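Report on the structure given below.
The values are calculated or read from the model by the stated rules, or taken from the named source; none is laboratory data. Model, not experiment: these values are computed from the prediction. Please note: Cβ atoms are built from the backbone with ideal geometry, for glycine as well, and neighbour counts cover all protein chains shown.
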Amino acid sequence: MEITGAKILFETPIFGGIRITETTAVGWGVVVVLIGLVKFFTSRVEKVPRGKQVLAEMFVDFIYGQVESVAGKRSLGIAPYIGTIFLMSITSSLSAVVGVRPPTVDINTTAAWSLVTFFLIAATKIKAHGFFGHLKEYLNPLNIVDVLALPVSMALRHFSNILSGFILMELIGLALAELSSLALGAFGEYFPVFRAGIPAVLSLYFDFFGSFIQAFVFIMLTMVFVGMASEKKEEHENI
Amino acid sequence: MSMDQAIVMGASALGAGISMFGCFGAGLGQGFATGKAVEAVARQPEAKSAITTTLMIGCAFAETTCLYGFLVAIFLTFTNPFTNALVG
């Protein structure tokens with residue numbers, strides 16, 4: 001058996017050959033699905049919420065509540081970003097359920113997200129302390145390592161958690177196919193019966209639970225670090 | 001298969017196994033954290049949701065070292081840079 005990276009579907013003839021991989025294709029699919037969902041949930045918005053609008057408002061309230069309680073009232077402006085990353089991460093990881101390769105099983109996707117978070121934290125720090133006050137922090141070389149390790153560890157955490165679930169599900173599927181060909185002979189080899197329902201039970205843990213936890217941890221860490229960065233110095237000493 | 005290749009492949013497999021020792025510490029740390037969280041919930045059941053959220057974040061942090069070991073093992077097993085370097 002073979003575990004490979006995302007397959008390259010084709011290369012664009014212009015711009016020096018940009019590679020369009022499975023990750024890119026599925027990622028755009030996820031974006032289209034999310035836009036469709038948003039269009040569905042926000043069509044016919046009324047003053048008194050009804051039906052599907054209640055669900056959408058519940059989600060927005062949840063995100064704003066989390067941001068306010070974790071990052072503080074001052075950082076409420078990052079709530080749209082948090083909600084976007086949360087939905088994107090969950091939908092990307094859950095795309096494994098329909099049988100495509102999820103975009104989060106590619107370090108490029110999670111690295112892009114954690115880089116956005118990294119720059120968001122830097123911008124928040126500059127906003128809170130001023131540009132030169134922010135630079136003062138880097139006088140200590142250990143702080144530089146600390147700051148640079150954050151995006152690396154965030155990207156690798158999300159990537160490798162989803163990767164481990166993905167590989168386990170692949171292995172279980174292969175083992176079940178092998179088992180059905182052993183038990184049922186040629187019929188089982190042509191039509192792997194055991195592969196039909198049993199992985200669904202395990203997918204509940206590896207796909208649903210895992211991707212929800214990872215999306216939650218990613219937004220939680222973003223909120224915690226932005227909240228820490230937005231603290232002014234004098235307030236910090238009082239705590 | 002040449003002798004060189006056999007040695008490199010065997011050493012890579014051993015390295016993959018050894019790198020999974022990183023999970024030992026992560027499991028220990030998560031166990032301690034969960035035990036303390038259970039104590040905290042028993043002492044203050046009304047703070048359960050806040051404790052659970054903090055525990056999740058702490059476990060995610062503790063898991064990171066284990067995941068680095070896991071990544072090394074995966075790279076050694078499936079993409080194997082050392083045998084590729086030897087052949088290419």
Q) Out of all the residues in segment A:183-200, is one or more out of contact with any helix residue (DSSP H, G or I) (no Cβ under 9 Å at 6 or more places or on another chain), modelled with pLDDT under 85 and within 12 Å of chain B (Cβ to nearest Cβ)? A) no
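Residues of segment B:55-65 being within 18 Å of B:S19 (Cα to Cα) and either facing chain A (nearest Cβ under 9 Å) or among the aliphatic types (A, V, I, L, M) (or both), which ones?
Taking segment B:55-65 first, the residues within 18 Å of B:S19 (Cα to Cα) are B:62-65.
Within segment B:55-65, B:A62, B:E63, B:T64 meet the criteria.
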Q.
Restricting to segment A:179-217, name every residue that is surrounded by 16 or more Cβ atoms within 10 Å (Cβ to Cβ) and farther than 30 Å from A:T91 by Cα.
A. A:L179, A:S180, A:S181, A:G188
Q) Is segment A:137-154 home to any residue that is touching a Gly at 6+ places or on another chain (Cβ under 8 Å), within 28 Å of A:I63 (Cα to Cα) and of a type in the set (D, E)? A) no
(Q) I'm trying to understand the selection: among the residues of segment B:66-88, which are modelled with pLDDT under 85 and at the interface with chain A (Cβ under 10 Å from one of its Cβ atoms)? (A) B:T77, B:F78, B:T79
(Q) Show me the helices (runs of 4 or more DSSP H) entirely contained within segment A:72-172 in which 2 or more residues are free of Cβ contacts under 8 Å to residues at least 12 places away in the same chain, surrounded by fewer than 20 Cβ atoms within 10 Å (Cβ to Cβ) and of a type outside the set (V, I, T). (A) A:107-129, A:131-135
Q: Taking the options B:G35, B:G10, B:G31, B:G58, name whichever one is in contact (Cβ under 8 Å) with a residue 24 or more places away in the chain and in a helix (DSSP H, G or I).
A: B:G58
Q: Test each condition in (1) over 22 Å from the mean Cα position of the chain (by Cα); (2) free of Cβ contacts under 8 Å to residues at least 40 places away in the same chain for A:F41 and report the one that comes out false.
A: (1)
Q.
Take the conditions part of a helix (DSSP H, G or I) and either touching a residue at least 12 places away in the same chain (Cβ under 8 Å) or out of contact with any Ser or Thr (no Cβ under 6 Å at 6 or more places or on another chain) (or both) and apply them to A:G36. Does it pass?
A. yes
